Amino acid sequence: GEDVEQSLFLSVREGDSSVINCTYTDSSSTYLYWYKQEPGAGLQLLTYIFSNMDMKQDQRLTVLLNKKDKHLSLRIADTQTGDSAIYFCAESIRGGGFKTIFGAGTRLFVKA
Amino acid sequence: EAQVTQNPRYLITVTGKKLTVTCSQNMNHEYMSWYRQDPGLGLRQIYYSMNVEVTDKGDVPEGYKVSRKEKRNFPLILESPSPNQTSLYFCASSFSDRALLRTFGSGTRLTVV
């Protein structure tokens, strides 16, 4: 079935790079997303990548997609305390319209 | 300001007492959806609506109802809430179900005792 998995916690020091990983099972993915959720807030779309791309860079964010292994990663360069949040991986798949499947979220702790 | 507004933000209720969580968007989006967020499970879709008077079940629709009488509003109704519906609920909207620019509300934390 459709599933998106990610590790639940990641802790890094301020200034280091963070890498959040995600695996998905459905090969009919069209878009893959990273959302950020700050405490008490809804989800904010951080970045996305089309399934026919391998990499996308947007300022401090780098998204890598390995379609063969169904693996998606988000790298945050020069991680700041303001990056502390929960990061959700999500994929949109075809099948009777489009359906978006979310992972359980990775809580990123940034230590000063 | 373009936004999705949910009310209330927090709600504590008793088992069996009907409640409605409202959701309103001011972006003229056609697609709206409701999710619940539970620890370790991420977001699971409850119901979605492609347009006015068009609604369909998501992954976890049991115990919930929705309606879409107007484009901007998509209320979530719990006719007889139970403790297993204690969760954090999010409403979201977008121009289409492709979800590229989906906007989320701030969430409603519901506790059913």
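All of the numbers you see were taken from the coordinates with simple rules; none came from a lab. All figures in this text were calculated on a predicted structure; none of them were measured in a lab. Glycine also receives a Cβ, built like all others from the backbone with ideal geometry; neighbour counts cover every protein chain displayed.
Residues A:Thr47, B:Thr15 in ascending order of nearby Cβ atoms (within 10 Å, fewest first): B:Thr15, A:Thr47.
A Förster radius of 30 Å, combined with the Cβ-Cβ distance separating B:Phe95 from B:Lys65, puts the computed FRET efficiency at roughly 0.75. The modelled label-to-label distance for the pair B:Glu53/A:Thr30, using points 7 Å beyond Cα in the direction of Cβ, is 2.6 nm.
Here the Karplus curve 6.51 cos²θ - 1.76 cosθ + 1.60, taken at θ = phi - 60°, turns the phi angles of region B:42-50 into couplings of x, 9, 10, 7, 8, 9, 9, 9, 7 Hz, with x standing for Gly and Pro.
Can you tell me which of A:Phe102, A:Phe88, A:Phe50 moves the most in a GNM of chain A? Springs connect C-alpha atoms under 10 Å apart. Comparing A:Phe102, A:Phe88, A:Phe50 in a Gaussian network model of chain A, the most mobile one is A:Phe50. Along region B:9-18 the Karplus relation, 6.51 cos²θ - 1.76 cosθ + 1.60 evaluated at θ = phi - 60°, assigns HN-Hα couplings of 7, 9, 8, 10, 9, 9, 3, x, 8, 4 Hz to successive residues, with x for each Gly and Pro. Assign one of three labels to region B:1-46, namely rounded, prolate or oblate, based on the Cα gyration tensor with a ≥ b ≥ c the square roots of its eigenvalues; rounded applies when a/c is under 1.5, prolate when it is not and a/b is larger than b/c, and oblate otherwise. Verdict is oblate for region B:1-46. Which shape class applies to region B:1-95: rounded if a/c is under 1.5, otherwise prolate when a/b exceeds b/c and oblate if not, where a ≥ b ≥ c are the square roots of the Cα gyration tensor eigenvalues? Because a/c hits 1.5 or more and a/b exceeds b/c, region B:1-95 counts as prolate. The phi torsions of region A:35-49, fed into the Karplus equation with coefficients 6.51, -1.76 and 1.60 and a -60° offset, translate into couplings of 10, 10, 10, 8, x, x, 10, x, 8, 10, 5, 8, 6, 8, 9 Hz, rounded to whole numbers, with Gly and Pro shown as x. Mean sequence separation of contacting Cα pairs (under 8 Å, at least six apart), scaled by the length of chain B, corresponds to a relative contact order of 36 percent. If you take the Cα centroid of region A:54-97 and the Cα centroid of region B:1-17, the two points sit 30 Å apart. Summing +1 for each Lys or Arg and -1 for each Asp or Glu, what net charge is found among the other residues whose Cβ lies under 11 Å from the Cβ of B:Ile77? Around B:Ile77, the surrounding residues sum to +1. A Förster radius of 25 Å combined with the Cβ-Cβ distance from B:Glu1 to B:Ile77 puts the calculated FRET efficiency at roughly 0.40. Ranked by how many other Cβ atoms sit within 10 Å of their own Cβ, fewest first, the residues A:Arg60, B:Arg102, A:Arg13 fall in the order A:Arg13, A:Arg60, B:Arg102.
Estimated from the Cβ-Cβ distance and a Förster radius of 30 angstrom, the FRET efficiency linking B:Asn28 and B:Asn84 is about 0.30.
Where does chain A land on Rg(C-alpha)/(2.2 N^0.38 Å)? Rg over 2.2 N^0.38 Å, computed on Cα atoms: 1.03. Dividing the mean sequence gap of close Cα pairs (under 8 Å, 6+ apart) by how many residues chain A holds gives a relative contact order of 37 percent. Simple spin-label estimate for A:Glu14 and B:Arg44 gives 3.9 nm between the two label positions (7 Å along the Cα-to-Cβ direction from each Cα).
Close amide-amide hydrogen proximity is noted between B:Gly107 and B:Gln6, B:Cys91, each under 5 Å apart and 5 or more residues distant or on a separate chain (H modeled in the peptide plane; Pro and chain starts excluded). Does the protein assembly as shown classify as rounded, prolate or oblate by the C-alpha gyration tensor (a ≥ b ≥ c root eigenvalues; a/c under 1.5 gives rounded; else a/b over b/c gives prolate, otherwise oblate)? Because a/c hits 1.5 or more and a/b exceeds b/c, the protein assembly as shown counts as prolate. Partner lysines whose Cα lies under 29 Å from the Cα of B:Lys69, excluding those fewer than 8 positions away in the same chain, are identified as A:Lys99, B:Lys17, B:Lys18, B:Lys57.
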